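Student: Sharing a structure with you now.
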Protein chains: 2
Amino acid sequence: MYRPEIKVLDCTIRDGGLINKWQFSDELVRATYKAVCEAGVDYMEIGYKASADMFDPKEFGKWRFCKEEDVREVLDGLELKSKLSCMVDIGRVREEDFLPADQSIFDMIRVACYVKDVDKGIALANHVIDKGYEVTLNLMAVSTNLEKDIDEALAQISASKVPCVYLVDSFGNMYCEDITFLAKKYLQALPGKTVGIHCHNNRQLAFANTIQGIIEGANLLDASVYGIGRGAGNCTLELLLGFLKNPKYNIRPVLKLIEDHFVSLRNQIEWGYIIPMMITGTLNEHPRAAMEWRAGPQKDNYAEFYDKLTMPEIVE
Amino acid sequence: MYRPEIKVLDCTIRDGGLINKWQFSDELVRATYKAVCEAGVDYMEIGYKASADMFDPKEFGKWRFCKEEDVREVLDGLELKSKLSCMVDIGRVREEDFLPADQSIFDMIRVACYVKDVDKGIALANHVIDKGYEVTLNLMAVSTNLEKDIDEALAQISASKVPCVYLVDSFGNMYCEDITFLAKKYLQALPGKTVGIHCHNNRQLAFANTIQGIIEGANLLDASVYGIGRGAGNCTLELLLGFLKNPKYNIRPVLKLIEDHFVSLRNQIEWGYIIPMMITGTLNEHPRAAMEWRAGPQKDNYAEFYDKLTMPEIVE
């Protein structure tokens, strides 16, 4: 698939950090940025920006905060070929945490929110738009929403100045047919805006769903190196670059990065095709229960985990 | 998806045996058959049938040969709820290796061949049809064939009494669009016959492609427990059962089987999302080179493997 509008966003450090509280070495983050640039990837999302007093810096690594000076230090001396992005959650960041864009190392701010919080999401997006950033609004967990609520949220965003909205399969629950249905809905409801896609891999469908998003017209594509990300992880960057035909992309630096850093990282922290994550994806649930199960003593008792989720105590 | 004609075939032991020369313990094979029956799966393919003098029984386990007495011994005392199948390669089995179907424990024989050998495949299929078996013809590696040769093979099969033909993505190279294209072609060329689908997972597309096959009309679906199979492996049985809505299927016995046997097996032998297998899939090549690389001292040198395959010496 070659369409000049298509852009790729690497979310390796931001989404991967959900596994290890963003405790990546500076060396790994720097190597990832270098490889992402060499691979021709358009954006790299290097973490979440959160107010420093809302999380304990002893517990969380620097990519939970994305302070300007930390990013500049780790990337010092590198040519900033790929644009830099950070994600913000509403309620976990303050307006004064953002420099004006022309003083910032960041090019893009991505605002994540649930459908129920879309007003707050738009308000925060407006603030960062006014500060001069490229902005996206990422509507999370829409596989759990009623269609009328999604429609209402899209109508509100359509009337706003937010230029880009993400279709997000937070729980790794969607089939290609769901992507088609929602991507058509988003594009129809948001004339003139860009639609992005971010898929989770609980059922080994993140890559297939991302391709389906491309076919339907999504032009901003999320992926991560070796698929790293919370739980089952994401669409892998190397698969996506192998699919896209745009000659600006090059898979080789990503292969080298996996070989140098991510094979050993995968032996330290866990992501990928893991049965409890597959089960929460199939059941359209947050991976929280699966992650707790995997941290416990019975982590490989899959049938018992399945029973726990499918035969809960009766609620009247 | 619920369509009463849909049937599932488990190829765990047959395809998984390509990794370890069919050296599975009797206990694992018996447990797999039990779980497959409890899960409501229609067929289990327990191995390849090959003439005993063509392979060394010291090197290859009993599921390379599928002798009637071996199958009966390992499954002794179990109710044979799921039908039993074995695969044959042309040239590696003789006509006298097949008992008449009414004396055999096998219900189905699957004949695998390349497009160039379709005449031989049809001849062998005819022989086992005449002996009373259900029969499929599995056309391998069609992603490497010219369309005119596929068309000619399908026309020959259409004129034969072979009742079922498999669309096979041997190298894990196909996208959903390729599945759509070929499934439509097969169904159109083979009126009145069943089309099956067998996908490999080199690019994490085996499950998505199997779903696409179902959408297009494939009614016989291959999958394996935990995705075991040569190289990247297959569509996983647990994902497929989670997708199918037919109430006869039950995912839980498969989850228990994975927990009891396949997690530890995966620590002994390798399959799944492995970068060299992803590379051969992307390049539409047999996984042979990837398997050799993984068996060597530089198994995690992915960039070098990529270079080797994409920058070979110039051939004039």
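Just so it is clear, none of the values below were taken in a lab; they were calculated from the coordinates. Note that the structure is a prediction, hence the values are computed from the model and not measured. Counting neighbours? That spans all protein chains shown, and the Cβs are built from the backbone with ideal geometry, glycine included.
Student: Roughly how many debye, to the nearest 20, is the charge dipole of the protein assembly as shown about its Cα centre, given +1 on each Lys and Arg Cβ, -1 on each Asp and Glu Cβ, and no other charges?
Tutor: 380 debye
Student: Treat every Asp and Glu Cβ in the range A:179-313 as -1 and every Lys and Arg Cβ as +1, leave all other atoms uncharged, and give the resulting dipole magnitude about the Cα centre to the nearest 20 debye.
Tutor: On the way: 14 positive and 12 negative charges, 120 e Å.
In total the dipole reaches around 580 debye.
Student: What GluC sites (Glu not before Pro) does the range B:1-92 have in DSSP loop regions with at most 10 other beta carbons within 10 Å?
Tutor: Filter output for the range B:1-92: B:GLU5, B:GLU59, B:GLU79.
Student: While we're here: Using amide H atoms built 1.01 Å from N in the peptide plane, name the residues 5+ places from A:MET87, or on other chains, whose amide H lies under 5 Å from its own.
Tutor: Amide H neighbours of A:MET87, under 5 Å, 5+ apart: A:GLY47, A:TYR48, A:LYS49, A:ARG110.
Student: Identify, for chain A, the residue whose C-beta comes nearest the rotation axis onto chain B, and round that distance to whole Å.
Tutor: Axis relating chain A to chain B; nearest Cβ residue and distance: A:ALA208, 2.
Student: Using the 7 Å Cα-to-Cβ label point, sort the distances from A:GLY91 to its equivalents in the other copies shortest first and give them in nm to one decimal.
Tutor: 6.6
Student: Run the lone-cysteine check on chain A: no other Cys C-beta under 4.7 Å from the residue's C-beta.
Tutor: So, A:CYS11, A:CYS37, A:CYS113, A:CYS164, A:CYS176, A:CYS199, A:CYS235.
Student: For B:GLU68, go 7 angstrom from Cα along the Cα-to-Cβ vector, then report the distances to that same point in the other copies in nm, smallest first.
Tutor: 8.2
Student: Using Cβ counts within 10 Å as a stand-in for footprinting exposure, how do B:TYR2, A:TYR175 rank, fewest first?
Tutor: Taking fewest neighbouring Cβ atoms as first place, the list is B:TYR2, A:TYR175.
Student: Distances from A:GLU152 to the same residue in each other copy, label points 7 Å out along Cα→Cβ, in nm, shortest first?
Tutor: Copy-to-copy label distances for A:GLU152: 6.4 nm.
Student: Please report the net charge: other residues with Cβ closer than 9 Å to the Cβ of B:ALA52, K and R +1, D and E -1.
Tutor: In short, -1.
Student: Arranged by the count of other C-beta atoms within 10 angstrom, fewest first, what order do A:MET44, A:MET87, A:MET54 take?
Tutor: A:MET54, A:MET87, A:MET44
Student: With a ≥ b ≥ c taken as the square roots of the eigenvalues of the C-alpha gyration tensor of the protein assembly as shown, please select rounded if a/c is under 1.5 and otherwise prolate if a/b is larger than b/c or oblate if it is not? Write down the numbers at each step before the final one.
Tutor: Values: a/c = 1.91, a/b = 1.83, b/c = 1.04.
Cα axes put the protein assembly as shown in the prolate bin.
Student: In the protein assembly as shown, with Lys and Arg counted as +1 and Asp and Glu as -1 at Cβ, which of these residues, B:VAL118, B:LEU265, A:GLY281, has the Cα nearest the positive end of the dipole, that is, farthest along it?
Tutor: B:VAL118
Student: Rounded to the nearest 500, what is chain A's calculated 222 nm mean residue ellipticity when only DSSP H runs of at least 4 contribute -39500 (n - 2.57) each, over all residues?
Tutor: -11000 deg cm²/dmol
Student: Please give me the summed charge of the neighbours of A:ILE269: other residues whose Cβ is under 12 Å from its Cβ, Lys and Arg +1, Asp and Glu -1.
Tutor: So the environment of A:ILE269 carries a net charge of +3.
Student: Note down the magnitude of the dipole of chain B about its Cα centre, charges +1 on Lys and Arg C-beta and -1 on Asp and Glu C-beta and zero elsewhere, to the nearest 20 debye.
Tutor: Charge dipole, chain B, about its Cα centre: 620 debye, nearest 20.
Student: Follow-up. Quick check: Cα centre of the range B:10-42 to Cα centre of the range B:174-198, how many Å?
Tutor: Between the Cα centre of the range B:10-42 and that of the range B:174-198, the gap is 27 Å.
Student: Also, quick follow-up: Would you pull out the residues with amide H under 5 Å of A:TYR166's amide H, same chain only if 5 or more places away, H placed 1.01 Å from N?
Tutor: Those lying under 5 Å, H to H, from A:TYR166 are A:LEU137, A:ASN138, A:LEU139, A:GLY196.
Student: Springs between alpha-carbon atoms under 10 Å, Gaussian network over chain B: tell me which of B:GLY213, B:GLY61, B:GLY172 tops the mean-square fluctuations.
Tutor: In the Gaussian network model the winner is B:GLY61.
Student: Which of rounded, prolate, oblate describes the range A:235-303, given a ≥ b ≥ c as roots of the alpha-carbon gyration tensor eigenvalues and a/c under 1.5 marking rounded, otherwise prolate only if a/b is larger than b/c?
Tutor: oblate
Student: Using a ≥ b ≥ c from the Cα gyration tensor of chain B (square roots of the eigenvalues), is it rounded, prolate or oblate, where a/c under 1.5 gives rounded and otherwise the larger of a/b and b/c decides, a/b for prolate?
Tutor: Because its axes are fairly even, with a/c under 1.5, chain B counts as rounded.
Student: Full-extension gain between B:LEU80 and B:ALA155, please, as 0.36 nm times their residue separation minus the C-alpha to C-alpha distance.
Tutor: Here the answer is 23.4 nm.
Student: While we're here: Please give, to one decimal in nm, the separation of the simple spin-label points placed at A:LYS120 and A:ASN219, each 7 Å out from Cα toward the Cβ.
Tutor: The answer from the label model is 3.1 nm.
Student: Let me ask something else about it. Please compute the net charge surrounding A:ALA123, taking Lys and Arg as +1 and Asp and Glu as -1 over other residues with Cβ under 12 Å from its Cβ.
Tutor: Result for the local shell: -2.
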